[in-house]
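Single-structure report; data block below.
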Amino acid sequence: MHREIHHWRSPALNKQMEIAVYGHYGTALLMFPTAAADYLEYERFHLIDSISHWINTGKFKVFSINSINSEAWLNNSMYPPHRSIRHGQYNNYIVSEVVPFIFDHCKSQVPIITTGASLGAYHAANTFFRRPDLFRGTIAMSGVYDLKAYSKGYYDDHIYFNSPVDYLPNSADEKYLNQMRDNKGIIIASGQGDYEDPDASRRLSDILNSKGIRHWLDLWGYDMGHDWPTWRKMLPYFLEKF
């Protein structure tokens with residue numbers, strides 16, 4: 001499998017950020033790591049191996065990026081408004097730096113699908129829902145889509161506009177909603193085993209249904225816990241459906 005590592009000092013974040021790229025061709029798959037993990041997490045836990053067929057056959061080209069969760073909502077010693085601002089800077093990094101990098105690396109404006117597990121699922125879904133003009137779909141696995149679950153009671157405009165369960169119900173912009181309706185695929189998946197929260201996926205699905213946004217809610221069995229064996233089965237399965 002072709003593999004490259006790229007990095008640069010991000011103007012949006014004022015720090016070095018890395019990206020691992022797997023494959024040569026195909027629809028771009030932008031991967032957000034779990035919790036406070038890094039850009040090589042999906043490789044270490046063999047999720048990249050589990051989707052190698054789709055990479056090697058040129059169906060998907062994978063871009064696995066770093067997180068800054070430890071500098072935002074997972075940093076309980078940080079002043080909450082500063083965590084909120086840092087999250088906004090990360091959003092800016094994705095749009096103003098990662099997306100242009102993907103287009104340049106692919107030599108065209110390829111469709112970009114976001115994906116991730118756990119906290120990465122939240123970022124994948126939120127990134128798509130905020131900018132459906134830039135992203136064509138999302139595969140969110142085992143996520144919670146209410147940022148208040150991480151802000152520990154703190155609430156401001158950044159929280160509102162980064163909580164899909166808050167801003168999506170209030171959206172009345174038909175152009176914006178139609179961009180989501182005209183997607184390549186929205187998959188909201190969860191196991192129902194240990195440490196999973198399938199109700200979070202059901203809640204998001206209900207909101208999407210109320211807006212007429214087609215999607216696939218897929219709840220796996222009670223033997224599927226919040227862990228890597230679940231995600232190593234889920235992601236190849238969903239990529240095959242794409």
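The values are calculated or read from the model by the stated rules, or taken from the named source; none is laboratory data. Source: prediction; values computed, not measured. Ideal geometry is used to build each Cβ from the backbone, glycine not excepted, and the neighbour counts take in all protein chains shown.
Of the residues in the range 66-85, how many are in contact (Cβ under 8 Å) with a residue 40 or more places away in the chain, assigned to a helix (DSSP H, G or I) and more than 27 Å from PHE238 (Cα to Cα)? Qualifying residue count for the region: 5. Of the residues making up the range 35-51, not a single one is touching a Gly at 6+ places or on another chain (Cβ under 6 Å) and at pLDDT 95 or above. Residue count for the range 31-87 under the criterion of being of a type in the set (Phe, Trp, Tyr), farther than 19 Å from HIS7 by Cα and out of contact with any helix residue (DSSP H, G or I) (no Cβ under 9 Å at 6 or more places or on another chain): the result is 1. Of the residues making up the range 49-82, those that are within 16 Å of the chain's Cα centre (by Cα) and among the β-branched types (Val, Ile, Thr) number 3.
Residues checked against (1) more than 14 Å from THR138 (Cβ to Cβ); (2) exposed (fewer than 13 other Cβ atoms within 10 Å of the Cβ); (3) modelled with pLDDT under 95:
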| site | (1), (2), (3) |
| --- | --- |
| GLY191 | yes, no, no |
| ASP194 | yes, yes, no |
| ASP197 | yes, no, no |
| ASN209 | yes, yes, no |
| TRP220 | yes, no, no |
| HIS226 | yes, no, no |
| ARG232 | yes, no, no |
| LEU235 | no, no, no |
| GLU240 | yes, yes, yes |
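Looking only at the range 204-232, count every residue that is in a helix (DSSP H, G or I), of a type outside the set (Gly, Ala, Ser), farther than 17 Å from PHE128 by Cα and touching a residue at least 24 places away in the same chain (Cβ under 8 Å) and tell me the total. Final tally of qualifying residues: 4. Take TYR90 and decide whether it is surrounded by fewer than 22 Cβ atoms within 10 Å (Cβ to Cβ) and touching a residue at least 24 places away in the same chain (Cβ under 8 Å). In short, no. Which residue is surrounded by the fewest Cβ atoms within 10 Å (Cβ to Cβ), if the candidates are limited to the range 95-116 and must be assigned to a helix (DSSP H, G or I) and in contact (Cβ under 8 Å) with a residue 40 or more places away in the chain? Looking at residues that are assigned to a helix (DSSP H, G or I) and in contact (Cβ under 8 Å) with a residue 40 or more places away in the chain, I get SER96.
Pick from ILE51, ILE85: which is aliphatic (A, V, I, L, M) and crowded, with 22+ Cβ neighbours inside 10 Å? Working first, answer last.
Details: ILE85 fails: crowded, with 22+ Cβ neighbours inside 10 Å.
Sole residue among the options that is aliphatic (A, V, I, L, M) and crowded, with 22+ Cβ neighbours inside 10 Å: ILE51.
All of (1) more than 17 Å from ASP146 (Cα to Cα); (2) over 17 Å from the mean Cα position of the chain (by Cα); (3) of a type in the set (D, E, K, R) hold for ARG232 with one exception: (2).
Taking TRP73, is it surrounded by 16 or more Cβ atoms within 10 Å (Cβ to Cβ), of a type outside the set (S, T, N, Q) and modelled with pLDDT of 95 or more? Spell out the reasoning first.
On the way: surrounded by 16 or more Cβ atoms within 10 Å (Cβ to Cβ): yes; of a type outside the set (S, T, N, Q): yes; modelled with pLDDT of 95 or more: no.
Judged against the criteria, TRP73 is not a match.
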